1. Using a ≥ b ≥ c from the Cα gyration tensor of the range 1-153 (square roots of the eigenvalues), is it rounded, prolate or oblate, where a/c under 1.5 gives rounded and otherwise the larger of a/b and b/c decides, a/b for prolate?
2. Assign one of three labels to the range 1-63, namely rounded, prolate or oblate, based on the Cα gyration tensor with a ≥ b ≥ c the square roots of its eigenvalues; rounded applies when a/c is under 1.5, prolate when it is not and a/b is larger than b/c, and oblate otherwise.
3. Taking every Cα atom in the range 15-100, find the radius of gyration and the maximum pairwise distance Dmax, and write them in Å.
4. Roughly how big is the range 1-133's charge dipole about its Cα centre, with Cβ charges of +1 (Lys, Arg) and -1 (Asp, Glu), in debye to the nearest 20?
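Any read-out appearing in this document is the output of simple, stated calculations on the displayed coordinates, not a laboratory observation. What you see is a predicted model, and the numbers here were worked out from it, not measured in a lab. In this analysis, Cβ positions are derived from the backbone assuming ideal geometry, glycine residues included, and neighbour counts consider all displayed protein chains.
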Amino acid sequence: FCYGQTGTGKTTTILGKPEPISEQGLLLRLVTDLFEQVSVLAHQGDNVQCRVQIVEVHNEKVRDLLTDSPSSPTPEVHVHPQLGVYLKHVLDQPVQSLDECLNVIEDASSRQTVAATAMNSQSSRGHTVYKLSVEKHGKTDNTVMTSEVFFVDLAGRENERTTRVSGERLVELSF
C-alpha cells in the first residue's frame, strides 16, 4: 500500500518508469523479476500462467481499468467465508511476457481518474488496485502452485482547508 498526501510520490513508488530499470517502481520491479523467473521455469519444462487485474475505486465505486467498453457489467464486490473478498465482472487479463504486462499496466493507467488540484496537476482521484496472479504447473511432479500479490496506490490525501477544491473534487476528498 502507498498512502500519503497528493504529489508525494506514491504512484512513482508503485510504478516508476519502465526504463531504465533503476527508475522502476515496486510493481514494475516485481513484474520484471517474475518474468525472468517464468523464463527459467519454462526452460525447465514447467507451465506458468500469469494474469493481471487492475481496478480503480473512485467515490466508493469500483471500475475495471482493463476495459473501456460501455457494455461491460458493473464490477461487484463479494465476500466469501473461505475465499475472502473477490470481484465479479472484472477482466482477469492473461499476460505472456514482460512487455505485454507492461502494456496492460500502461493501458490501464491511461484510464485512471485524474484531475488537477492546487497541490498536484495530475492528482489520482481514485485508489488503484493491481492484482497479479501466477499459476505454475510442474512438469515432473504434477504440482500446482498459485500465488497472488496486490499493490494498492491510494489516492492522495489533501487538507480540505488548504487544497482549494470545490464541487466534485471536494466530494472525492470525503471518500
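1. Cα axes put the range 1-153 in the oblate bin.
2. oblate
3. According to the Cα coordinates of the range 15-100, Rg and Dmax are 16.1, 46 Å.
4. Approximately 480 debye in magnitude.
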